[in-house]
Amino acid sequence: MNARRNLRPVDTDTTRLADDLRALWAKRDIEAMASEAARNVSPGNATDWGMTTNIQSVLEPIVLGGGIPAPETLPRQALKEAMDRALDTEERDDGPLRYGGAYGFEPLRDLLAERYTRDRGFTVTADWFMLSNGSAGAIDQVCATFIQPGDVVISEAPTFSGTTRTFRGHQAQIATVSMDDDGMRVDQLEPLIQSLLRQGKKIKFIYTISNFHNPMGVTMSLDRRAELLRVAAKYGIFVLDDDAYGELYFEGVQHPPALSALSQCEGVISVGTFSKIVATGLRVGWIHATPNVIEQLVRMRFEMGNSPLLHRMLFEFSKDGALDAHIKKVRAVYQRKADLIAAALREFCEPYVTFRKPTGGFFLWVDLLGGLNGGEVQQQAIAEGLVAAAGYGFFPDRVDTGNHIRLAYSWVPEGELREAARRLAIACAKVAEREALPKR
């Protein structure tokens with residue numbers, strides 16, 4: 001009782017309390033309190049987050065800035081109906097609205113396993129899959145499981161800047177090998193590995209976007225795939241294959257087997273996603289690996305899993321061949337857009353650019369000629385009403401080995417692609433004209 005009488009009364013003036021707290025916290029440096037990883041990584045730009053860029057220009061901008069599915073391909077009605085079916089359960093069946101566990105909704109993983117068994121030539125089951133927050137969340141999960149601060153990831157250069165940011169967030173060091181029209185320069189790989197090992201480095205992954213690369217749009221050749229797998233296995237290094245675009249191949253073009261098919265997942269961790277084949281807002285992807293690797297990944301999962309409601313909706317949307325039918329339709333859309341932008345570049349831009357027409361995916365990589373600088377062309381293009389990413393942003397050291405612009409043709413309406421190429425040509429011409437002026 002005496003102890004209770006000695007308690008000081010609590011100040012219940014909440015406004016004054018908040019002011020007092022604000023004054024105390026104003027003395028603290030929040031950035032200094034953050035982890036070393038947080039202090040050494042940026043919040044990311046629009047490209048890192050897969051967003052279209054909101055840039056003001058005199059003209060209504062044409063945005064070729066982000067790898068996003070075309071609005072006209074989004075299956076709104078089918079997703080609504082799938083959601084209705086997902087929620088149509090008995091009163092006591094709260095499965096769609098309850099925690100879903102570490103691996104994700106098993107029928108959806110079964111569906112993925114059936115499609116992979118059919119398409120990749122060896123039998124897998126649901127145990128070979130873990131559902132994730134898109135392919136970006138899958139890569140984050142893989143990093144959380146296998147990377148220690150100071151470990152090395154070998155990456156292609158150029159590559160997707162958002163994944164580079166993920167590696168740095170896990171305090172990995174990034175070493176690079178270059179790219180050409182046949183994908184990763186695998187001939188550079190073993191000398192780099194040996195050099196890193198002599199320095200005492202631990203190499204955890206070789207990261208590749210083997211199909212319809214972001215940003216280059218190219219696909220790794222079969223010979224290079226086989227050599228990559230041999231080299232990685234020789235040194236005990238996982239191949240991390242970011243296969244977000246693998247299903248978006250164009251008609252009439254032969255493509256090599258997936259890395260997971262060639263290896264039967266031995267030493268290969270593949271990530272996939274519904275983001276590119278259906279919609280980015282779904283935020284559902286997957287990790288595909290041998291069951292013993294999946295078991296390690298589950299140990300480092302702490303966020304209570306993804307949404308069972310979305311998993312069930314996607315299962316209802318995808319079953320009975322509906323996903324296959326949807327993908328077939330969207331391939332045709334992106335093939336038309338790739339044809340249109342390639343034809344328009346040839347019509348307007350040939351004095352200033354060269355490029356390789358993509359055979360799938362969302363991206364066309366423009367090689368600028370005549371010493372044109374990618375950053376300067378990007379800025380002039382914005383002034384002309386065209387938004388596209390300069391090449392330097394896709395190199396981990398932000399130094400473009402040439403001069404490039406990435407054109408993401410997937411999202412923009414077909415009717416704007418020719419005008420986009422015309423605006424790029426104007427931008428190139430103006431930069432070239434400035435470069436030709438005598439220097440003062």
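The table below lists the values:
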{"item": "Fewest-first sequence of W365, W286, W25, W411 by Cβ atoms within 10 Å of each Cβ", "result": "W25, W411, W365, W286"}
{"item": "Farthest toward positive dipole pole in the chain [+1 Lys/Arg, -1 Asp/Glu at C-beta], among A144, F363, A126", "result": "A144"}
{"item": "Pairwise label distance in nanometres, Q254 with L87, each label 7 Å out on the Cα-Cβ vector", "result": "4.9 nm"}
{"item": "Environment charge of P69, counting only residues whose C-beta is closer than 13 Å and scoring Lys/Arg +1, Asp/Glu -1", "result": "+3"}
{"item": "Cα-centre dipole for the chain with unit charges at Cβ (Lys and Arg positive, Asp and Glu negative), debye to 20", "result": "980 debye"}
{"item": "Span-like helix ranges in the chain, DSSP H, alpha carbon extent 24 angstrom or more, Kyte mean at least -1.0", "result": "322-349, 417-436"}
{"item": "Selected from R28, R312, R418 as most flexible by GNM, with the chain as the system and alpha-carbon contacts under 10 Å", "result": "R28"}
{"item": "Stretchable slack from T123 to R198, in nm (0.36 nm times residue separation minus alpha-carbon distance)", "result": "23.1 nm"}
{"item": "Furthest towards positive pole of dipole, Q194, A157, G267, structure part the chain, Cβ charges", "result": "Q194"}
{"item": "Per DSSP, loop GluC sites (Glu not before Pro) in region 75-175 with at most 16 further Cβ within 10 Å", "result": "E90, E91"}
{"item": "11 Å beta-carbon shell around E347, net charge (K/R +1, D/E -1)", "result": "+2"}
{"item": "Fluctuation leader among T145, T125, T15 - the chain, Gaussian network, Cα springs under 10 angstrom", "result": "T15"}
{"item": "Neighbour-limited loop hits for chymotrypsin sites (Phe, Trp or Tyr not before Pro), region 289-327 (at most 13 other Cβ within 10 Å; DSSP other than H, G, I, E, B)", "result": "F302"}
{"item": "Debye, to nearest 20: dipole size of region 171-262, +1 on Lys, Arg Cβ, -1 on Asp, Glu Cβ", "result": "700 debye"}
{"item": "GluC sites (Glu not before Pro) restricted to DSSP loop in region 171-252 with at most 15 other C-beta within 10 Å", "result": "E251"}
{"item": "In range of the label at A34: residues from region 163-193 whose backbone nitrogen is under 16 Å from the point 7 Å along Cα→Cβ", "result": "165-172"}
{"item": "Sorted by Cβ density within 10 Å, fewest first, the residues V366, V387, V399", "result": "V399, V387, V366"}
{"item": "Spin-label pair R434/Y235, simplified geometry with 7 Å Cα→Cβ offset, distance in nm", "result": "4.1 nm"}
{"item": "Inter-centroid distance (Cα atoms) of region 256-328 relative to region 61-106, Å", "result": "14 Å"}
{"item": "Dipole of the chain, positive direction: furthest Cα of S135, A232, T15, with charges on the beta-carbon", "result": "T15"}
{"item": "Neighbourhood net charge (15 Å Cβ-Cβ; Lys/Arg +1, Asp/Glu -1) for G267", "result": "+1"}
{"item": "Shape call, region 82-215: gyration tensor on alpha carbons, a/c limit 1.5", "result": "prolate"}
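Each reported figure results from applying straightforward, stated rules to the coordinates on display, with no laboratory input. Fair warning: this is a prediction, and the values are worked out from it, not measured in the lab. Cβ sites come from the backbone with ideal geometry, for glycine too, and all protein chains shown count toward neighbours.
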